[in-house]
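S.K.: Sharing a structure below in structure tokens format, with a few things to ask.
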Amino acid sequence: MKYDFTTIIDRSNTGAFKYDFMPEPLKGSGIVPMTVADMEFSAPPQVNEAVIRAAKHGCYGYTGPQGEYLEAVKRWQKTRHGWDIDEDWYVVTNGIVQALGIAVRAFTEPGDRVLIMTPVYHPFYGAVKDNGRELIESPLIERCGRYEINFEDLEAKAADPSVRLMLLCSPHNPIGRVWTRGELARIADICLKNGVIVVSDEIHNDLIVGDKEHTVFANIAEAKDNCVVCTAISKTFNLAGLSCSNIFVPNGELRKKFSEQAHRDGCGCVPYIARFATIAAYNEGAEWLDELLSVVRANFALLYGFIEERLPEFTVTRAEGTYLAWIDMRALGMGHEELNAFMAEKALIADNDGFMFGPAGDGFRRWNLALPQSELVSALNRLEIAVKEIK
Ligand SMILES: Cc1ncc(COP(=O)(O)O)c(C=O)c1O
């Protein structure tokens, strides 16, 4: 390995949510949490150097995306995802969660319904409800740990005239599906037919760990003029704290509505440091990303092997994308609160309660595998001991 994915980085006193919000018995224990979706790895050194150069320059003024920045973004999308972007489609927001709220306000009225496929990344619920819109859920179908779209249900719900928007998570957090071109084309077709605009949150687009390719939603003919595509450097290169995302709206009319709302919400600048980090990440970070993916794949392989051999009562969903593992612990027969206490107090593991992604996640845990393998091994050993104790 050219890059370092084994050193344990001390993140205490950096304000990291993952450490500050650790359950009480684990706070300050030295245990590495597997919660919030950021990584326990340093960003690519090329990015760190670019950030230091930008800091040395010293003028942290208002900054935009023009020139080198958009060139780097375009080149990345073309080489990594085969997507040709027109610069006109671009809108900056300071994060994708912010973009979801902007889309909800731009494309729907209070009381309108917004479609999501559940279980899903929890801020999808907030983006709808906190903006006074109604949620309509199409639950994914789980069969032996693998999730599929219930197209009949999706189609019936999209046909409800009060449904105006769909928030699509692609790849899907927390269940790790990389939707196929066929599945996305079907979603595109259903939504177009029913006048439902699609916001495709592709924040995990570069984190492909299985054998499927990520398809950019707007790269599907029926979808192009009916969607917003949300991308960012944040997950790919562990740069979430730079609060910057690149949103693309190919259709002029939709773009006008989205940009006007973004403007009303105060968006407009690429954060100064994010500009330089993005250029370095996209121009020089591909090799680092490929190594990262091999580390994450190895962590998944270790997890699958351990669970199969030593904790066979649990099932792990085979992840196609994201660095997030979805583990079915329903065999323990605990409700999610009891399971939370068991994980924090007995297994000494800080992970995410599956229930936070929707009630279908009750009895499941989400583990963030973007961490040194030694820490994953320790967590698994602690889990095995704790499970044996209660048997
Ligand atoms: C699907 C998804 N969307 C958005 C975000 C957060 O995006 P941002 O930090 O750009 O608001 C996350 C973070 O975990 C995520 O998993």
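The values are calculated or read from the model by the stated rules, or taken from the named source; none is laboratory data. Every value quoted in this text rests on a predicted model; they were computed, and no experiment measured them. FYI the Cβ positions are ideal-geometry reconstructions off the backbone, even for glycines, and counts take in every protein chain you see.
S.K.: Restricting to region 13-28, what's the tally of residues that are surrounded by 11 or more Cβ atoms within 10 Å (Cβ to Cβ) and either over 30 Å from Glu287 (Cβ atoms) or in contact with a helix residue (DSSP H, G or I) (Cβ under 6 Å, 6 or more places away or on another chain) (or both)?
M.R.: Looking only at that region, the number is 7.
S.K.: If a residue must be surrounded by 20 or more Cβ atoms within 10 Å (Cβ to Cβ) and within 14 Å of the ligand (Cβ to nearest atom), how many such residues does region 79-95 contain?
M.R.: Of the residues in that region, 4 qualify.
S.K.: Considering only region 241-257, I want to know if a residue exists there that is within 20 Å of Leu167 (Cβ to Cβ), of a type in the set (Gly, Ala, Ser), in a helix (DSSP H, G or I) and within 12 Å of the ligand (Cβ to nearest atom).
M.R.: Checked against the condition, which is being within 20 Å of Leu167 (Cβ to Cβ), of a type in the set (Gly, Ala, Ser), in a helix (DSSP H, G or I) and within 12 Å of the ligand (Cβ to nearest atom), region 241-257 yields no hits at all.
S.K.: Inside region 250-277, can you point out the residues that are among the charged types (D, E, K, R) and surrounded by fewer than 16 Cβ atoms within 10 Å (Cβ to Cβ)? Steps first, answer last, please.
M.R.: In the first step, residues of region 250-277 are kept if they are among the charged types (D, E, K, R); the result is 253, 255-257, 260, 264-265, 275.
Matches in region 250-277: Glu253, Lys256, Glu260, Arg264.
S.K.: If you don't mind, there's one more thing I want to ask. Where the second residue is among the acidic types (Asp, Glu) and the first is at pLDDT 95 or above and lies in region 366-386, which pairs have Cβ atoms under 7 Å and are six or more apart or on separate chains?
M.R.: Arg366/Asp351; Trp367/Asp351; Ala370/Glu40; Leu371/Glu40; Pro372/Glu40
S.K.: What helices (runs of 4 or more DSSP H) lie completely within region 96-179 and have 2 or more residues being within 16 Å of the ligand (Cβ to nearest atom) and surrounded by fewer than 18 Cβ atoms within 10 Å (Cβ to Cβ)? Can you show your working first?
M.R.: Details: elements: 96-107, 123-129, 151-158.
Of the helices (runs of 4 or more DSSP H) lying wholly inside region 96-179, those with at least 2 residues that are within 16 Å of the ligand (Cβ to nearest atom) and surrounded by fewer than 18 Cβ atoms within 10 Å (Cβ to Cβ) span 123-129.
S.K.: So which of Ala301, Ala277, Ala281 is free of Cβ contacts under 8 Å to residues at least 24 places away in the same chain and among the small types (Gly, Ala, Ser)? Steps first, answer last, please.
M.R.: Details: Ala277 fails: free of Cβ contacts under 8 Å to residues at least 24 places away in the same chain; Ala281 fails: free of Cβ contacts under 8 Å to residues at least 24 places away in the same chain.
After ruling out the rest, the residue left standing is Ala301.
S.K.: Got a number for residues in region 102-142 being within 12 Å of Ile175 (Cα to Cα) and charged (D, E, K, R)?
M.R.: Result for region 102-142: 1.
S.K.: Give all pairs with beta carbons closer than 7 Å in which a residue from region 316-338 that is within 16 Å of the ligand (Cβ to nearest atom) meets a residue that is part of a helix (DSSP H, G or I); count only pairs at least 6 apart in sequence or on separate chains.
M.R.: Pairs that qualify, where the first residue is within 16 Å of the ligand (Cβ to nearest atom) and the partner is part of a helix (DSSP H, G or I), are Ala319/Phe300; Tyr323/Val296; Ala325/Phe300; Ala325/Leu303.
S.K.: Another question about this same structure. Yes or no: Cys227 in the same structural domain as Trp83 (by TED's automatic domain parsing), more than 22 Å from His122 (Cβ to Cβ) and in contact with a Phe, Trp or Tyr (Cβ under 8 Å, 6 or more places away or on another chain)? Quick ask: steps written out before the conclusion?
M.R.: Working: in the same structural domain as Trp83 (by TED's automatic domain parsing): yes; more than 22 Å from His122 (Cβ to Cβ): yes; in contact with a Phe, Trp or Tyr (Cβ under 8 Å, 6 or more places away or on another chain): yes.
The answer is yes for Cys227.
S.K.: Quick one: Glu313 ticks every box in (1) outside any helix (DSSP H, G or I); (2) within 16 Å of the ligand (Cβ to nearest atom); (3) more than 30 Å from Ile220 (Cβ to Cβ) bar one, so which box is it?
M.R.: Exception for Glu313: condition (2).
S.K.: Something else: Can you spot a residue in region 222-230 that is modelled with pLDDT of 95 or more, within 11 Å of the ligand (Cβ to nearest atom) and buried (at least 24 other Cβ atoms within 10 Å of the Cβ)?
M.R.: Checking region 222-230: at least one residue is modelled with pLDDT of 95 or more, within 11 Å of the ligand (Cβ to nearest atom) and buried (at least 24 other Cβ atoms within 10 Å of the Cβ).
S.K.: Does Ser234 satisfy the criteria of being more than 14 Å from the ligand (Cβ to nearest atom) and either assigned to a loop (DSSP other than H, G, I, E, B) or not assigned by TED's automatic domain parsing to the domain that holds Leu324 (or both)? Working first, answer last.
M.R.: Details: more than 14 Å from the ligand (Cβ to nearest atom): no; either assigned to a loop (DSSP other than H, G, I, E, B) or not assigned by TED's automatic domain parsing to the domain that holds Leu324 (or both): yes.
Taking the combined requirement at face value, the residue does not satisfy it.
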